[in-house]
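Right, one structure below, let's go through it.
Each value in this text was obtained by applying a stated rule to the coordinates, not by laboratory testing. Remember, predicted model here, so these are calculated numbers, not experimental data. Positions of Cβ are generated from backbone atoms using ideal geometry, with glycine treated the same way; all protein chains shown enter the neighbour counts.
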Amino acid sequence: MLLLIAGAVTVLMVRNLFVATMLLGIVSFTMALIFISLDAVDVAFTESAVGAGISTVLYIGTLALVGAQEKERPKFAPVPLLICLAVGAALIFATFDMPPFGAADNPVHTHVAPRYVHVSPTEIGIPNMVASVLASYRGYDTFGEVTVIFTAGIAVLLILRQQRRRKGDADSDMVLLRDGLGGSLSGLGSAHDLIPHVIAKLLVPFIFLFGLYVQFHGDFGPGGGFQAGVIFAAGIILYALVFGLDFARSVINEKAILFLISIGVLLYGGVGVAGMLLGANFLDYNVLSSDPVAGQHLGILLVELGVGITVTAAMLAIFYAFVGRADLLISQQAEQEKNQ
Amino acid sequence: MILGLFNYWVFVILLMVGLYTVMSRSNLVKKMIGLSLFQISVFLFYISMGKISGGTAPIVVEDIPPGTEVFYSNPLPHVLILTAIVVGVATTALGLSLVVRIREAYGTIEEDDILEMEAKD
């Protein structure tokens with residue numbers, strides 16, 4: 001816990017954004033360990049894959065495009081500090097009214113949670129309560145969240161794939177792309193780095209295998225679509241980082257990704273509509289099979305698959321968009337020079 | 001009793017650091033990092049609320065020795081935070097892509113400089 005605070009404060013203090021990003025990854029990973037000690041194994045899974053893995057890669061991708069040095073300026077900012085301290089004081093004061101940590105009769109545990117804990121094993125028939133709440137009881141929310149991820153993926157693609165319209169101001173910042181502050185990320189991974197190549201080749205199949213296990217075993221142990229999605233994406237990103245973007249593109253290209261993003265959402269929605277067609281409510285899985293419990297099984301499996309596909313594809317779309325951006329700019333510049 | 005609130009205090013401190021980073025730093029990437037810290041602190045808050053002392057992860061334990069009772073921690077906060085983490089990284093990516101575009105349009109990602117340039121125009 002104290003490690004967390006120390007990490008967070010250093011993130012605030014350090015000037016170099018690259019170092020700040022790495023520290024943020026460490027903070028995330030420590031947080032994942034704390035989640036395990038707080039019994040939240042599913043969350044810990046996700047946090048370590050997302051926080052320490054994918055978001056760090058995204059930050060580094062951004063830094064490669066924008067430069068990693070924060071500008072020197074007076075450090076002390078009194079007004080924000082005052083506001084923060086006021087907020088903090090109010091919250092600390094509020095914690096004294098919080099029920100004691102870990103007591104079984106806290107208000108959180110007395111509302112709907114008992115039903116999830118006691119009824120779901122028989123009603124849904126899968127041991128992992130997190131999965132049954134996620135995909136069945138709160139299926140609407142999860143559908144909304146998948147849609148948010150879908151939208152974010154599309155939005156990033158729209159923002160970063162856009163071509164430059166104004167031609168006049170192109171020169172000033174183009175220079176930066178060449179002088180080491182940024183560069184072509186697709187040239188990543190030279191053919192000479194033997195050790196990363198061998199290690200990555202060994203690791204990637206196991207990452208995929210693990211991803212599949214997490215995806216389809218999510219009903220019984222910790223895991224599910226969200227975790228499996230980020231693990232898959234992390235595997236492909238590792239491959240792209242070590243072997244270069246072009247190789248990764250030949251494995252799964254942008255068109256396939258766009259296709260997959262929509263397939264996942266459609267699969268999720270389709271399961272819901274199938275329930276409706278069979279005469280029940282939207283996302284009611286009981287009718288998918290003659291036996292309600294088997295229907296729930298099938299519904300959850302399909303829905304988690306949809307989630308996994310969308311998450312994988314959205315993460316990859318975001319990654320490709322960031323990495324492909326440098327290439328896009330460089331090729332545009334080359335074209336302009338040719339025209340002149 | 002006092003130690004019982006320790007998790008919540010860590011949450012508050014992390015939240016303050018995140019908030020301060022967002023408000024006081026003018027570098028846009030640093031602001032995004034501050035937002036991520038803020039996010040992580042809220043995750044900690046939710047998960048802390050779901051914990052039951054002596055409980056176990058909310059996955060059904062099959063062979064319970066007779067006469068003992070198993071407490072499961074509350075699965076609901078876990079579900080909420082699980083999805084929030086993934087949604088969080090998607091929105092962070094959206095923010096970062098906007099930062100990249102701002103860098104291309106203005107040549108800087110320092111908010112002060114951008115505001116100055118806007119004032120001049």
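Determine, for B:TYR106, A:TYR116, the number of other Cβ atoms within 10 Å of each Cβ, and report the residues in order from fewest to most. Spell out each step's value before the answer.
Numbers: B:TYR106 16, A:TYR116 24.
By the 10 Å Cβ count, ascending, the order reads B:TYR106, A:TYR116.
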What is the mean projected area of the alpha carbon convex hull for the stretch A:127-340, to one decimal in square nanometres?
14.8 nm²
Using a Förster distance of 30 Å, the FRET efficiency for B:PHE71-B:LEU98 (Cβ separation, nearest 0.05):
0.10
In degrees, nearest 10, the alpha-carbon axis of helix B:28-50 is tilted away from the dominant principal axis of the alpha carbons of chain B by 10 degrees
Rel. contact order, % - alpha carbon contacts under 8 angstrom, at least six apart, chain B:
24 percent
Would you mind estimating how fast the stretch A:251-340 diffuses translationally, via Stokes-Einstein at 10 °C and 1.306 mPa s with the Kirkwood radius over Cα pairs, in µm²/s?
103 µm²/s
Chain B, Gaussian network, Cα under 10 Å: of B:VAL89, B:VAL99, B:VAL60, the residue fluctuating most is B:VAL60
Cα centroid distance between the stretch B:37-58 and the stretch A:200-222, in Å?
25 Å
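Which value in deg cm²/dmol, rounded to the nearest 500, describes the helix-derived mean residue ellipticity at 222 nm for chain B, given -39,500 (n - 2.57) per DSSP H run of n ≥ 4 and division by the residue count?
Working: 4 runs with 84 residues, N = 121.
Value at 222 nm, helices only: -24000 deg cm²/dmol.
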Under the 7 Å Cα-to-Cβ spin-label approximation, A:SER290 and A:ILE92 lie apart by a distance in nanometres of 6.5 nm
Please turn the phi angles of the stretch A:262-274 into ³J(HN,Hα) values with the Karplus equation 6.51 cos²θ - 1.76 cosθ + 1.60 (θ = phi - 60°), one per residue in order, whole Hz, x for glycine and proline.
6, 4, x, 4, 5, 4, 4, x, x, 4, x, 5, 4
What spacing in nm lies between the two simple spin-label points modelled at A:HIS217 and A:LEU202, each 7 Å away from Cα in the Cβ direction?
2.1 nm
Would you order A:ASP39, A:ASP141 from fewest to most other beta-carbon atoms within 10 Å of each residue's own beta-carbon?
A:ASP141, A:ASP39
Report the far tail of the P(r) of the stretch A:1-70, meaning the percent of Cα-Cα pairs longer than 20 Å.
32 percent
Long-range amide H contacts for B:THR56: which residues qualify at under 5 Å (H placed 1.01 Å from N, peptide plane, sequence gap of 5 or more or a different chain)?
B:PHE71, B:TYR72, B:SER73
Assuming 0.36 nm per residue, please report the length gained on full extension of the stretch A:ALA6 to A:PHE247 beyond their Cα-Cα distance.
82.8 nm
For a distance above 19 Å, tell me the whole-number percent of Cα pairs in chain B that qualify.
63 percent
